[in-house]
Each structure stands twice: as C-alpha cells, then as structure tokens.
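Written out below as structure tokens is the structure these notes cover.
The values are calculated or read from the model by the stated rules, or taken from the named source; none is laboratory data. All values derive from a computational prediction rather than experimental measurement. Here the Cβ is made from the backbone with ideal geometry for all residues, glycine too, and neighbour counts use every protein chain on show. SASA here: full protein model, heavy atoms, side chains in, ligands and nucleic acids out. Shrake-Rupley method; radii C 1.70, N 1.55, O 1.52, S 1.80 Å.
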Amino acid sequence: MLNSAAGLPGKTPMDPCAGSVSGALQEAIAELSKISDGDRLVKVLRSVKRYMTTENGSAPDQDKAEFRRTHYTPFLRFLVGQMGPQWAALLTSERMELWDSFFLEGPADQAFLVLMDSLGHTGPSICRDRCAHVLERFLQREALADVIWEVCRQQLEATPTPVLHEAILGRICSLPDHVANCLQKHTKPFFYPKNYYPCVAGSILRVLRMVSDSLRDGKGCSISFVSQVLGKVCMQGRQKELLSVLVPHLITLVQSDCIWQRICWRLVESVPDRWMEPVVTGFVQIAQGSSALSILLGDVVLKNKKAEFLLTQKMLFLQYGLKKGELQSILGYISMDNSRRLLLVKILRQLLEVWSSGSVVKHSPRAQLLHVSRSILICLSLLNKEEIESCRTDLLFALTSGTRFYLDSSLPNNRYLGMVVAECISQHIDSEGAKLSFQYEEDEEIKELKSLLSPPCVCSSDLGDRVKVPLESSPSKVSLPRNDVKPEESSKSEHRSDSELDSDDDLTPYDMSGDTELKNCNAPAYIRDCMEVLLSDDIDKVEVAMTSLATLIRGNVAATKEVSVELSKILLHLDDRPGIENFPQLRHGALVAVTVVDPVPVSQYLTGEFYSLNYSLRQRMDILDVLASAAKDLSELVTTGKAVAHNLRSASKLRNTEAPVDWRKVVEERIESKTRRFAKGSSVAAPVSAPNSFHPVAGHFFFPLIQNFDRPVVTFDLMGEDCLVLGRMVHTLGILMHLAIHATVAPQMGKALLEFVWVLRYHNDSFVRQGLLFCVSTVLLSVPWERLMTDMVEEILETQRWLADVTEKDPDDDCRRIALNGLLLMEKMRKNLQGKS
C-alpha cells in the first residue's frame, strides 16, 4: 500500500527523490482522491504540472517525455472523474484555471480525445459543464490544428496507430453532432455547425502552413490525414461551411507559390475514393470559374480514376442538377491543359452519342436533355478547328440522325431545343458554308443556350500558362518520406523463427472427429435474457444463446412480440463473432423467426433500414434474404388435417365439460374405439385448407421495399455502382410477388412491379435484367389473366413488346431464354382465357 508523504516536512509527493514518475504520480493520485484542503489541492496539482512546463523547477526532459507518453491520458481521466461538487468548492475561479491548463497545455491529441469521451460518458453534472467549457476554450485557441498536425507526424513513425487516428478523425468531423447529443438544449453557439466547421477550415490552413514550412526546411511530412478530414467533413454535407473558408485562401496561396501548388494538389489527390465525390463537387460549386478549379485540382482528373469518373461521366451524364456556370467550370478546367484536352474530345463524342439517341429523347426528362445540350455547346466553344474536325463524323451523325428525334417530339420545348443545337452544330461543321436555320421564337432559354458558344469564362492560353508550373515542380514528383519495412528482413526473421520450432510430424494424431465441445453455460430461458447475452462479450454465452434463439422465439410468441423490433435491431447489427460456428446461419435463422412471429412491425423496420445510412452492402443483402425467407415460411404455415382434428377433439372435450353428457354418444364412441377394421381406406388425413399467413402482410414486405429504390443515399448508390444489391432486391421482389399468388393485394403489387420493371428495363447489368424478367414472369403467374387484361392492358402490351425485343437483341443468353419463356407463358394464358370464353 502506498504511503503518503504529505506529513513529512520538506518533502512533497512529487519531490524528485520520491522515486520514478509512475510512483510519484501514484502518490499524488492517492492524496488527491481524499483531499479536502483547497490550498493543498493546488499544491499537489502544481507538483504534477512540473511534467508539462518548461519553467524553472520543471522535471527532467526524460521524465516529461515519459509522462506525456504514458501517464498523461490516465491522469486527465482521473481529473475528470474527480471533478464534482467537492472539487468545485475547493477550486476558485483562479484555481480552476490550473485544472483547465492540464487540458490546454499538454499533448493536444490526447487532451482532445479525453474531453470528447468525457462528454459522452458524463451525464448532466458539474463535470460535464466543465469539460464543455474547456473544450470550447481548446477549440478557440486553435488547438485543433495541433491535433491534426500531431496525427500527421505520427503517420510517419514506424508503428502508426490507425485505430487511434480513426477515432480522432471521427470526433473531429462529427463534433457538433456528438456535443449536441450530450448537451442537447445547453449546447453553446460555438459548437453549432455554422461556427465549428469554419474553425476546422482555419485549422486545416494552419496545418498546411506547417507542411509548407517543413518542406522548405527539407523535412518529410504526410498530409493524408488532412485529406481524410477534408473528405469526411464534405461527405457529411458540410462542404459549404468548410470550403467557403478554405477555397479562397488556397487560391491566393497557390497562385503565388509552387510549393503551395504541390501541397494543394496532393491534398486533393490523397482524399480517399469513398469521399472524393463530395470534395470534387464542393470545389466545383465553391470555386468561381475554370481557372480557379484548375488551380485547386491540377491534373487530378488524369491521376485519380474516381475523380476522372466524376468529372467526365457522373456530373455530365448521370446527373443533371449542375448550373450553367458549374458546367462551364468543369469543361473549361478540362480544356486548360493540353494533356487534359484529349478528355474534352472524348466527352464531346459521348455527349453527341447520348444526344442523338432516340430512346434518350423519348424517355429522359427535359432537364436532362437541356443539361446534355448545354454541355455540347460548351464543348464546341472550347475546342479548336483541328479538334472539331476530328469529331466531324460524330457531328454529322448527330445532325442527320439525332435532330429528327427532336423534331418528331410532341413537346414544343424539345423541338426548339433540337433546332438550336442542330443550328450550332452545323455552324461548327462548316463555318463558311451554308448553315442550317429553323424558324422559332427566341425566349430566354434559347438566348442562354446560344450564349454558351462564346462563354465569358473561356480560358485564354496566357491564363493557362500562368496556372501551370514547371515540369520539375509537378506534384507527381513530391516525395513524402515513409518508413518502409524491408521485406528481406521480415522474411528472414520468419524463416528463423520457424526453424527454431520443434517438429511434431513423427507423432500420430489422435482421432477427435467425433468429439464435441462442452459448454459451461446453459441456454437462456427468456427472450430478454437472450438479448442481454447478445450484447455481452462472453463468446461462449453468445454461442449458446444464438444456437437456441430461433427455437426460443418460435416457442414464445407473446414474449417475442413485446421486443420484436428491438431484438431485430440487435441481430441486424450483431457482428460476426470469431469462434462461433455457423454464426451467419444462426443469425439469419433468428431474424427469420422473429419476422415470422411478428411480421408487420419487423418487416417495416427491416425495409426502412434497407435504405438507411451507414449500412454495409452485406447487411442490406442480409435484409433481403431475411424478407424472402420469412415470406416463404409464412406462406407455408398451413395447418394439417391431423392438427386440425386434434384441435377439434380438444374443443369437443372442452364443450363436453360444460354441456350435459349424452350416454348414447359415449357408448357409440367406445364401441367405435374397440372395433377392429381391416379395410377402412387411407389412414392419412388429407391436408385441410387454411388461410395463407403471408397474404395479409404481403404489402408490408413489398411496397416499402419498392418505393424508395431511386432515392439517393450518401453511403449507398443503388442505381449506380451498387448494382449487385439492386439485382438481389429485384429478385427478392419477384419472390414476394410469387408468394402473394391469389392474395387480395396481388393486383396492386403486380401493377407496381411492372412499373418498376419498366423504369429499369434497359439496365446495363445482366444480373439486374434477369431479375426484371423473372419479376415479369411472377406477375403473370400471380395475378389472374382477367385482371391483367382489364386493369393493366397497356402495361402488358408494352411488356410483351419489350420481351420480344429482349429475345432478339439482348447480349445475355439467360436474359433471352427467360424473355422467351415469358412470351410463351403470355401466349398460353391468352389461349386458356379464349378457351374458357
């Protein structure tokens, strides 16, 4: 047990002769835990402060380094734990400054984590209020830049700590949300997003200045963490607050210094691919003009595949919400450098191909047609004669074949749009010859389109030369030193360690194939106990609970319905535990069981979570599997004749106890039971028809799953790169439609499913198209043909034409086969209907 030195004259607990840093701190903590004198409290705290200051009387540098490395964070947590009514009474306003200084003057990254964690783990109290106050002062002193710089410095070390860095990244980027959850109505204005994220932008600029100074001194540095902060903040939708402060300063700094140019370009290039889109989009929206965009992005469109896809494909073809100035910025940026102009020619060819497509003209919204037309005219204004001549064939094809689709349109605005673009194309094909001319009334939109041929932001060559830097200062040659590990040394050490092991190859292994592992814990008997076990870290208990959970759910229907949604939430978020055999199958079985027991609320929860944020693709596909399996189980819950007979006998006995006994009936039943018959027909009772349990809840499974498929989600792009999940969802919808055969809601489901199929019928992925064709077949089988030909005759005829087109032209063999089966099914059902009539 530690002895306090408080009573010894001339010797304090932190006296250098008291021993090591660890021992001295233990003595100080032991005294601080039971202290009741304010003056003594201040004296002990100042004795610990020796390890943090550089003033006279401070501890040796070796001890200070040990304190910062090992003891600083535990001591801060101790201070937070002790801050309560007693310490608040002992520490006056001047003395409280000493308590605050431990957080404001030590290693910034450790202090920041302790303050953030303390807010989350402390309820409404004096301690929470004090931590919020110190955190506000911490941010106002621009200490957030020190946190980011410390992480950047640690990433160059031989053994970085990515888990710690990820924790710091999450707390920096989501600090307003975290603080608001803790303080709620007592949140201070400084923590509001409109005030906090400009502070983050200032911290980023300060860190970049440190990077610039380090590069000028010939020292290595890493800015990947700065790029992660930039990317994650933009991913959370805070581009405006962050970039409105960051972009103007970066433009000013980059224009005057080639080192700053290299830093800025590396900052954008190092953004992780999953966060590249909001960063690039934010730069396009905030930066004014193509020259500013070129200064900020450099050649990122050539060096980063994600950025190339965003700037040359997604923003130009898959989206149509960009303003005219933003389109001019993107295309002007691509045209400002000779190495990027090849992309501009490629973009124009693709735009002409899209513009000339009859299907695009017929099925695309007018906003998208206007977006493509604007892009074409901007490209024409940026290309020179030689580049336009190289696209002459594509221009002629668009003029001769594409224009007629617009002229044949029934919408006047689309016809005028085609006339304007055709006139501009003919003007650029042959500027000196006869030009194509149409008669129409010019409105503001047409004038704006024609003005794009000479945009005010066209970049001259001298501006492009001013933006460029010499070849030797290209950002691709910036070398940030790293501590590389030599593979030869690691392989040698592994070989040496393996050779030193004893070999057991000469021993005959014992046959243990029939052995089973004994568990020391019993299976929980109640649903709520299972839920508590699932949230624990005891692997053995979790495994036993998971093994019996599905049976327990189906055997305790009433108890399960009380906590069905909460149990589903726990199971859905339960991570795969190593050491638990068949964990995915057990979790799937439990989710299916709880969905079958309480289908309406659980299906509503699962379908709602399918489109929520922060779910992995694996979890979303698990939701689809659970819905399909649960629907199948519900549709098979048919009571057999034997069970029905048993229930009838039980009911008969119950009635007999309440009514007078008929002695003749009792005698007849006894004679019948004693009589032996050698031929009585089949002894197996035929199944008794019963209602399909899935039919009443089919709509709860189906409609929430189909209605939000085209809604954009930050972490989930169902209509884009996540086409695998889209294909699984399409097949799940087909399964639900098939299981709803003869249900009252089946016609409404069939109509909605045909509309869904019609929207996605030209999807590029063959797996998705196979699912769509499967859905058509399930609609034909599940909805009566009479209803199809009365309520959905137009949809059926259009679907029939599409199936015929797929049978002839689809490149996938399975798609052609499924489409042919659908056509044959339609013909067979039509003949059956004619035969009945």
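Couple of notes before you dig in:
- Selection from segment 120-140 of residues that are at pLDDT below 90 and surrounded by fewer than 22 Cβ atoms within 10 Å (Cβ to Cβ): Gly120, His121, Thr122, Gly123, Pro124, Ser125, Ile126, Arg128, Asp129
- Filter pass, Leu617 being closer than 27 Å to Phe709 by Cβ and open to solvent by 20 Å² or more (accessible area, probe 1.4 Å): yes
- Selection from segment 395-433 of residues that are more than 23 Å from Ser451 (Cα to Cα) and assigned to a helix (DSSP H, G or I): Phe397, Thr400, Ser401, Arg404, Phe405
- Qualifying residue in segment 707-721 (condition: farther than 30 Å from Trp275 by Cβ, surrounded by fewer than 19 Cβ atoms within 10 Å (Cβ to Cβ) and modelled with pLDDT under 90): no
- Any hit, segment 257-280, residues being surrounded by fewer than 20 Cβ atoms within 10 Å (Cβ to Cβ) and among the β-branched types (Val, Ile, Thr): yes
- Residues of segment 368-382 satisfying the condition of being hydrophobic (A, V, I, L, M, F, W, C) and either at pLDDT below 90 or touching an Asp or Glu at 6+ places or on another chain (Cβ under 9 Å) (or both): Leu370
- Matching entry among Ala819, Ala743 (being without any contact (Cβ under 8 Å) to a residue 60 or more places away in the chain, surrounded by 19 or more Cβ atoms within 10 Å (Cβ to Cβ) and outside any helix (DSSP H, G or I)): Ala743
- Residue within segment 89-100 that is open to solvent by less than 30 Å² (accessible area, probe 1.4 Å), farther than 16 Å from Ala28 by Cβ and part of a helix (DSSP H, G or I) present: yes
- Residue count for segment 358-382 satisfying the condition of being farther than 17 Å from Val420 by Cα and either among the hydroxyl-bearing types (Ser, Thr, Tyr) or surrounded by fewer than 20 Cβ atoms within 10 Å (Cβ to Cβ) (or both): 7.
- If the condition is being closer than 23 Å to Ala698 by Cα and crowded, with 23+ Cβ neighbours inside 10 Å, then segment 755-774 contributes Val757, Gly771, Leu772, Leu773.
- Residue count for segment 216-238 under the criterion of being modelled with pLDDT under 90 and open to solvent by 10 Å² or more (accessible area, probe 1.4 Å): the result is 6.
- Candidate set: segment 21-57, residues that are farther than 20 Å from Leu76 by Cβ and either among the aromatic types (Phe, Trp, Tyr) or exposed (fewer than 11 other Cβ atoms within 10 Å of the Cβ) (or both); chosen: the one modelled with the highest pLDDT: Asp39
- Being open to solvent by less than 70 Å² (accessible area, probe 1.4 Å), assigned to a helix (DSSP H, G or I) and within 22 Å of Leu250 (Cβ to Cβ) is a description that does not apply to Leu183.
- If the condition is being buried (at least 23 other Cβ atoms within 10 Å of the Cβ), within 13 Å of Val280 (Cβ to Cβ) and not hydrophobic (A, V, I, L, M, F, W, C), then segment 295-333 contributes Gly298, Ser329, Tyr333.
- Count - residues of segment 141-169 that are open to solvent by 20 Å² or more (accessible area, probe 1.4 Å), in contact (Cβ under 8 Å) with a residue 60 or more places away in the chain and within 14 Å of Phe112 (Cα to Cα): 2
- Within segment 82-110, residues that are more than 23 Å from Glu150 (Cβ to Cβ) and modelled with pLDDT of 85 or more sit with their Cβ atoms under 7 Å from residues that are among the β-branched types (Val, Ile, Thr) and open to solvent by less than 30 Å² (accessible area, probe 1.4 Å), at 6+ positions apart or across chains, in these pairs: Leu98/Val42.
- Residues in segment 769-813 that are in a helix (DSSP H, G or I) and of a type in the set (D, E, K, R): Arg769, Glu786, Arg787, Asp791, Glu794, Glu795, Glu798, Arg801, Asp805, Glu808, Lys809, Asp813.
- Answer from Ser603, Ser629 - the residue that is within 16 Å of Leu736 (Cβ to Cβ), assigned to a helix (DSSP H, G or I) and open to solvent by less than 20 Å² (accessible area, probe 1.4 Å): Ser603
- Residue list for segment 393-417, restricted to those being within 14 Å of Leu348 (Cα to Cα), touching a residue at least 24 places away in the same chain (Cβ under 8 Å) and open to solvent by 80 Å² or more (accessible area, probe 1.4 Å): Phe397
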